[in-house]
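A.B. asks: The structure that follows is given in the form of structure tokens.
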């Protein structure tokens, strides 16, 4: 009886916590910190359906047929299973508590230092062709990275003075003078985040910014080795933007 | 016939305190969280690695939750609202053909792998053999239109990656399904509690209090699946920050190690099969095609999150066999692609 009672209400409580947190993130404009915007509608609709089920459950009397299930497992196994379910529920409550305790946030720049820069989403081809014909005023860091990776003409790159906002990744080869200003590109959720960025030359930058901090950089592209770097004319620390990812 | 339970003994004060402990701890954690939030007023009090682990875990959970809810809803439709004879009529009688058709069910129900777990549970509760539900569970994440289209968008026809993934997924799922169909006691594949739940389901007549049964089923399924999902997400998030990815990437150019390394990565990252091809693009220039195929096949069927979810339904021994066979078959598939491509 007690097991059936707990099993019934634990599901309702956990659903309310998970779906409630999802809806709260959506209403506060922070759902984008965790998943791609293309999934917003689906995620919120399913969370709303889950909440509707929770409300209906509270309104109608509990169906008790399963209270009479035969006890097919030895008591020890049931105890162990109960403990496991308790631990698992505890993890979910802990995640909810952490979500409440910490401000929802993007992945930090330190995770990017362990991943290849510009390995994802830098496909060139049609993307680069479309970008070459577009107005660069609205270009994201990913757009510039695509253009540079695709070998954009010097006329395209030298004629602009872009202003980029991203987090700092120290250049492992020339840490004193260059860094990458980067963002994470995601295709589904934060788990598939890959850093994309543009190399910036600014000698002595480490006295002004920490690796992983958010900066706004402005400058002109200049050729270097077999690529391009942004020769910074100004660079200021800024707060993390409301939409930190690019898509 | 139902067994009659002896009346429960009155709870002692110690046991009553034990019952109250968990809700009190949960309440204290939630209130503590709110307190820390109010006191901290922004900023990140955790070290970067731990904060990233938490962000990744929450991200996987929020991404998976709607699919779990959708899967539970479909499971309720199959268990309570769909007449059993419809399913029987729709499926062939010949076992291998029946499993073949079930492995294509994902074309009609394109939810990601975690959403397929409640649906597979619903199919078993409706009378399908556990071996048949395993075939569906393994095949559906790959043999569905969303996965096929995204894999094509990412890789086109290059190196036969798309063909190897689709055909490989079909063959591996049916191989595992056939293997489990040889088990003399199908009920022994399931956990005792789920087997009991299925037996209880069969005792209900159709049309009997469907709405209240639907709500009860929703509560029970979420009660079983959500804690498992939370644990799977927490492990996946923390492992990702614990294992440096460059270790795996360093193995990319070796025909053997590229396959093994990407299978390990697939198991850890627990990414949704609908979009894993885009994620894999990041490694396209580093790893050989066989490794990519192994990632796309193995990861869609088995990962940390899926193992946690499967534990709600199948015995540990059965899950170990599923992981082993899917792993070996994916390894062979990956090596074969490396050899041919």
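A.B. asks: In nm, give the distance between the simple-model label positions of residue B:324 and residue A:239, each being 7 Å from the Cα along the Cα-to-Cβ direction.
C.D. replies: Result for the modelled spin labels: 5.6 nm.
A.B. asks: If I take every Cα pair under 8 Å that is 6 or more residues apart in the stretch B:48-340, average their sequence separation and divide by the length, what percent do I get for the relative contact order?
C.D. replies: Numbers: 437 pairs, mean separation 73.1, N = 293.
Answer for the stretch B:48-340 is 25 percent.
A.B. asks: Find the relative contact order for the stretch A:110-237 and round it to a whole percent, using C-alpha pairs within less than 8 Å whose residues are 6+ positions apart. List each step's numbers first, then the result.
C.D. replies: Working: 241 pairs, mean separation 33.9, N = 128.
Answer for the stretch A:110-237 is 26 percent.
A.B. asks: Ranking A:171, A:135, B:88, B:276 by Cβ neighbours within 10 Å, fewest first, what do you get?
C.D. replies: Details: A:171 18, A:135 7, B:88 12, B:276 28.
Ascending Cβ contact count within 10 Å gives the list A:135, B:88, A:171, B:276.
A.B. asks: Which order do the peptides B:163-174, A:182-193, A:35-46, B:123-134 take when ranked by the mean count of other beta-carbon atoms within 10 Å per residue, highest first? Before the final figure, lay out each step's value.
C.D. replies: Numbers: B:163-174: 21.5, A:182-193: 25.6, A:35-46: 17.0, B:123-134: 23.1.
Going by the mean number of other Cβ atoms within 10 Å, highest first, we get A:182-193, B:123-134, B:163-174, A:35-46.
A.B. asks: Quick one: if the Förster radius is 35 Å, what FRET efficiency do residue B:153 and residue A:59 give, using the C-beta to C-beta distance and rounding to 0.05?
C.D. replies: Working: r = 45 Å, r/R0 = 1.28.
Once rounded, the FRET efficiency stands at 0.20.
A.B. asks: Kindly put B:109, B:162 in sequence by how many other C-beta atoms sit within 10 Å of each C-beta, fewest to most. If you can, show how the numbers build up before the last one.
C.D. replies: Working: B:109 16, B:162 21.
Starting with the residue having the fewest Cβ neighbours, the order is B:109, B:162.
A.B. asks: At 7 Å along Cα-to-Cβ for each site, give me the label-to-label distance between residue A:9 and residue B:185 in nm.
C.D. replies: Rounded to a tenth, the inter-label distance reads 3.6 nm.
A.B. asks: Among A:54, B:332, which comes first, second and so on when ranked by fewest other beta-carbon atoms within 10 Å?
C.D. replies: Lowest to highest Cβ neighbour count: B:332, A:54.
A.B. asks: Continuing with the same structure: Using a 10 Å cut-off around each Cβ of peptide B:70-77, what is the average number of partner chain Cβ atoms that fall inside?
C.D. replies: Working: counts 5, 0, 6, 4, 0, 0, 1, 0.
Across the residues of B:70-77, the mean count of other-chain Cβ atoms within 10 Å is 2.
A.B. asks: Next question. When Cβ neighbours within 10 Å are restricted to other protein chains, what is their mean count per residue of peptide A:42-48? Can you show the working numbers first?
C.D. replies: Details: counts 3, 6, 1, 3, 9, 4, 1.
Counting Cβ atoms of other protein chains within 10 Å of each residue's Cβ and averaging gives 4.
A.B. asks: Ok, one more. Please compute, for peptide B:226-237, the average count of beta-carbon atoms on other protein chains lying within 10 Å of each residue's beta-carbon.
C.D. replies: The shielding value for this peptide is 6.
All of the numbers you see were taken from the coordinates with simple rules; none came from a lab. Just so it is clear, the structure is predicted and the values come from calculations on it, not from any experiment. Positions of Cβ are backbone-derived with ideal geometry, glycine not excepted, and every protein chain shown enters the neighbour counts.
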